[in-house]
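K.L.:
Have a look at this one before I ask anything.
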Amino acid sequence: MFEILRIESAVRGVLLVNGQFCGPLGEEGQAFPASPDAEVYIQLFPFDPAIRPLTAALRLSGGTVEELLPERHAYALLWPDGIIQLELRPASDGGGEQAQGETQTAAAGVLLRYLTLHLAGSPEADALLLRAQEIPALPPYDAVVPLRFAPLAAPERYDERAGLVRRLAPNVARVDAALAATVPAGQGRRLIEQLLVMESRPSPDGNTSAT
């Protein structure tokens, strides 16, 4: 179940959650406990008068996002270990602060390169695997993002990590953890020996995909 709701905003303003004043909000965000079944109403009043106030409605059922409105101004990422990252992007009347989309950078690890090439359908992806024929098909995903921390339940033998983004709705996506055990291949290069995918919300049988 998802237990933490982290609210962030592309512009700074004052935050209210279910009518309660929660202080200033910006890109650094605020975190709140989240019930698996809840309706959460969020209001943001930007400091910049050129940016309109925003009211968002989030409905959770069984720990998943059933609905998030408005679709064009509220976005949710479901991360491993029960974290919902909610980003607010208020509309501007023009001339105000420009909402900055989230950008993430990471070291060019072999796992990120492999997943990016695999998503693009490039035959060069197999060159990053120790035994390409032993890697089964990965689950479908829409993007790759850096993963700052491995899931708490991740085995220690995996030394690289990345996030597989699967879109669930126009403004909701889930990030599953892809973990790789790598081995040196000479001249500073490494190859992927094993690959494990841990779903943010595991299937009812609790299975993960591993090679």
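K.L.:
Could you tell me which residue of region 62-74 is most open to solvent (accessible area, probe 1.4 Å), considering only residues that are in a strand (DSSP E or B) and either within 16 Å of residue 17 (Cα to Cα) or touching a Pro at 6+ places or on another chain (Cβ under 8 Å) (or both)?
P.N.:
69
K.L.:
If I filter region 152-167 for residues that are within 28 Å of residue 88 (Cβ to Cβ), in contact with a Lys or Arg (Cβ under 7 Å, 6 or more places away or on another chain), in a loop (DSSP other than H, G, I, E, B) and open to solvent by 80 Å² or more (accessible area, probe 1.4 Å), do I get at least one hit?
P.N.:
No - not one qualifying residue is present in region 152-167.
K.L.:
Taking the stated definitions as given, is residue 98 of a type in the set (S, T, N, Q) and at pLDDT 90 or above?
P.N.:
Judged against the criteria, residue 98 is not a match.
K.L.:
Here is a follow-up. Give the residue that is least open to solvent (accessible area, probe 1.4 Å), with candidates limited to residues of region 7-53 that are under 17 Å from residue 83 (Cα atoms), of a type in the set (Gly, Ala, Ser) and part of a strand (DSSP E or B).
P.N.:
Step by step, filter region 7-53, then rank; the result is 9.
K.L.:
Here is a further query. The conditions are (1) surrounded by fewer than 13 Cβ atoms within 10 Å (Cβ to Cβ); (2) without any contact (Cβ under 8 Å) to a residue 40 or more places away in the chain; (3) of a type in the set (A, V, I, L, M, F, W, C), and residue 56 fails exactly one of them. Which is it?
P.N.:
(1)
K.L.:
Quick one: would you say residue 7 is more than 15 Å from the chain's Cα centre (by Cα) and not acidic (Asp, Glu)? Break it down into steps so the answer makes sense when it comes.
P.N.:
Numbers: more than 15 Å from the chain's Cα centre (by Cα): no; not acidic (Asp, Glu): yes.
The answer is no for residue 7.
The values are calculated or read from the model by the stated rules, or taken from the named source; none is laboratory data. A quick note: this is a predicted structure, and the numbers were derived from the prediction, not measured. Cβ sites come from the backbone with ideal geometry, for glycine too, and all protein chains shown count toward neighbours. What goes into the accessible areas is simple: the full protein's heavy atoms, side chains included, and nothing from ligands, DNA or RNA. Shrake-Rupley method; radii C 1.70, N 1.55, O 1.52, S 1.80 Å.
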